[in-house]
Amino acid sequence: MTAFSGTGSIWGYLANIVTDIDVTAAGNPGTVAVLGNNLTHPTGAGMTALGGGSRVPVSSGLAAALRTNTQGVPDYGAIDAGIEDNGVLRDVRGNAGGLSALSRLDRDILDRPGIGTVIVTEGLTDLLNGAIANTLSSVGYTELATLLNAWGVTVIFASLTPCDGYSPCTAAVDSARTAVNTWIGGQSTFLAPFLSNVDFNAAVAVDDPDSSSTPAEQKLGTGAAPADYDSGDHVNLTNDGYAALTASIPLTGLVDNTPPAY
């Protein structure tokens, strides 16, 4: 067998070379999936990847954190189940979006070996496309949790990050986002350990000093200099922003669902 020696140029913004590889690791530590949209499959300024493309999913940072953690948490496999502009409730046809999270659950989550935990980090696309907060939380999220819990999979809902300043993010959308985050915040003990939350919003948000509303509207903020979480469009994050999200994930809340050996 000889090494590949082809030449050519890199085109587009995607860095995937090979996908859907099943890996057997010592002790079969199980798998954590990050189910989401732009936060797991990001594009935008301030992000770098192979050939200069923009591809820094939360799952990559999570995998690195698991490899180096000192909390005694197993080195679970971390997979990216994100589609840009994906929604929880409705399929999106066109250049992005694809099947909804509910529609693709079997294909992208349950079909993966050893799934123990799913981090759900999407829903803002639904609100931007007209969904109301109660429908997203009480129908979309609840059905996701019910289906995954039935398979013994722990669900961690991530709060929705700010979009203030992004033109489709109206005051009504931002109000709905706040309401959804309130619902997510109430899931910390409900059906534990099968359902919990992580506060992605708190990891990257600051109160907007120009806001006159109560509570104050939030926007993407800045971390320790020179970190800046806003990629420029006021909704997508920079590498620093994604790193902040990863750092907020409680590794000890991840669960092994690997079947026992017989």
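Coordinate-derived values only; no laboratory data. Because the structure is predicted, anything quoted here is derived from the model rather than measured. All Cβ positions, glycine included, derive from the backbone under ideal geometry; neighbour counts span all protein chains shown.
Amide H contacts of V255: T117, each under 5 Å away and 5 or more positions distant or on a separate chain (H built 1.01 Å from N in the peptide plane; Pro and chain starts excluded). Extension gain, R67-I132: 0.36 nm per intervening residue step, less the Cα-Cα distance, totals 19.5 nm. Listed values for the range 163-172 are Karplus-derived 3J(HN,Hα) couplings in whole Hz (6.51 cos²θ - 1.76 cosθ + 1.60, θ = phi - 60°), namely 9, 4, x, 7, 4, x, 8, 6, 4, 5, and x replaces Gly and Pro. Close amide H partners of L195, meaning residues 5 or more places away or on another chain with modelled amide H under 5 Å apart, are V155.
Proximity of backbone amide H atoms, modeled 1.01 Å from N, is registered between G123 and V88 at under 5 Å, excluding neighbours fewer than 5 places apart on the same chain. For the range 63-141, trypsin sites (Lys or Arg not before Pro) meeting the loop criterion (DSSP other than H, G, I, E, B) and having at most 14 other Cβ atoms within 10 Å: R93.
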